[in-house]
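See structure below.
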Amino acid sequence: LHQQAEQTCRQLVRTQEEHKCLLQATVEQAEGLEHNLRSAEAVLAERVAQLKDSQAQLSRNKLLIKDLHEENKGFAMALQVAELKQKSTEKKNKLLEEQASALKQLIGKITPASLSG
């Protein structure tokens, strides 16, 4: 009976040590998982910050594009006005050239008549 008690005691000690080893391994595994989780959280927080910066930059770019679009409309209107003025000026210039040509012809007809008279 005494020998059986000792054997049972040794078996209990072995079982306790196995449980202790399993508990230690589980604790180490949990610590490793906790470390991995913290690392993943840090990476995610950094990525969130990057995405927020990107979103802010995108919003600024959209505003710039809108401003440029409005400015471009103004330039297009100014170009149309300038083109209309150029056409008007070209018509006036052509009319003045025709009048100058007619005056030259008239002067050419008057001058020989006055010299011969």
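Is at least one residue of the range 2-13 among the polar types (S, T, N, Q), part of a helix (DSSP H, G or I) and surrounded by fewer than 10 Cβ atoms within 10 Å (Cβ to Cβ)?
Yes; the residues of the range 2-13 include at least one that is among the polar types (S, T, N, Q), part of a helix (DSSP H, G or I) and surrounded by fewer than 10 Cβ atoms within 10 Å (Cβ to Cβ).
Quick one: how many residues across the range 49-69 are of a type in the set (Asp, Glu) and open to solvent by 100 Å² or more (accessible area, probe 1.4 Å)?
Looking only at that region, the number is 1.
The values are calculated or read from the model by the stated rules, or taken from the named source; none is laboratory data. Predicted model only: the values in this text are computed from it and were never measured. Note that each Cβ is placed from the backbone with ideal geometry, even for glycine, and that neighbours are counted across all protein chains shown. These area figures cover heavy atoms from the full protein model, side chains too; ligands, DNA and RNA do not enter into them. Shrake-Rupley method; radii C 1.70, N 1.55, O 1.52, S 1.80 Å.
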